[in-house]
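Let me begin by presenting the structure, written as structure tokens, before commenting on it.
Each reported figure results from applying straightforward, stated rules to the coordinates on display, with no laboratory input. Fair warning: this is a prediction, and the values are worked out from it, not measured in the lab. All Cβ positions, glycine included, derive from the backbone under ideal geometry; neighbour counts span all protein chains shown.
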Amino acid sequence: MSRAREVLGTIAVGMAMGFTLSRVGFSSWDEVNQMFTFEDLRMTLVFGMAVALLAPSWIIVQRISKPRWPPRGIHKGTVVGAVLFGAGWALSGACPSIVFVQVGEGQLAALSSVVGIVAGNYVYSVVHERYFRWSTGSCLDA
Amino acid sequence: MIEFWPFWVGGAALAAVALFHWILVGRLMAVSGRVSALIDAVRWGVPEPTPEIDEAALIAAMQAATMAEFGDAAAALLAPDGEDAPAEPEAPAAPEAPAEPEPEVEVAPLAVSASRQPLWMHVLFFASLATGGLVSAALGGFLRPELALRGERFTAAFGDGGLQLAVLALGGAMIGFGTRMAGGCTSGHGLCGVSRAQPGSLAATASFFGAGIGLSLLLRALS
């Protein structure tokens, strides 16, 4: 893959993703809250539909090119980490991509969330080296 | 405020984004992984990129070396690999035959390279995300920079002063710590992992949705 293609692809996909997340409502704290309280199922359906469309797409991709995708198994940090993440998502209305969309939209308080995410990620990387040391998935090990 | 997209438009768009991330960027979308890579790059520096090796050429060279070393015995060992290939009448392998092209080697140019992306590529992705949000807000007429999160519920719960910033920093820290611990977030586990039926992703997604639901219901009950 050429570097130029990777750069242009990164810009195009990043912008498309930012626009999409904004228009779906994922960058709105209130919408996220209504999703989690089942008051509005629209965004849950967005997620479900995306997964339903992606599942057969990956099968086709795997037929065409034989990608070496890392398996994502369960490890000691999976559930605890995800529970922490989910609670943080409910509190701040953000996840690692949405937070940048919020900043772009002018919701500048999200900069506080960015600081938190960077700090939390850093702290975990230190804690992991000192105490845990299990494999956290190839996403990070790669 | 704008009208949000109906679910089928949003779902199709999100799926397209994940698919095009794979096609154009050459790796599965995993945004918390980018944050981690960024942190690691700052902590440890970006490792020297390994010289690009053409994998097909490498395997062919290894096969050739194997043939040279072990001759017919190696040919017999390599033969079972041919079973994966579409059934076609194969000539009995002549001892001096050049190394056959293996079907597995035919990796499309889209395959993930093992090399890491440079630091600035992650920054570029985050900046592009923000630009996408900016374009959406500008076109939708809600681009008003303010030190707040827009939402009546959010403001009702946490105000618009110092408390909201503290809550966001705390929530953010839980997100950063938790996603790195779980090895993924909404994009890597939730979208790409669940749609590939990966056990870790299914467990993580159930857990973070469950926790989000629990805490949101609690906040609602308290307010």
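General observations
- In Hz, Karplus ³J(HN,Hα) per residue of region A:101-118 (6.51, -1.76, 1.60; θ = phi - 60°; x = Gly, Pro): 5, 4, 4, x, 6, x, 7, 6, 4, 5, 4, 5, 5, 4, 4, x, 4, 4
- Residues of region A:74-106 falling in the label zone of B:ILE2, defined by backbone nitrogen less than 17 Å from a point 7 Å along Cα to beta-carbon, are A:98-106.
- Rg over Rh [alpha-carbon atoms, Kirkwood Rh] for region B:143-189: 1.09
- Rh (Kirkwood; distinct C-alpha pairs) - region B:105-218, Å: 17.5
- Relative contact order %, chain A, counting alpha carbon pairs below 8 Å whose residues are six or more apart: 28
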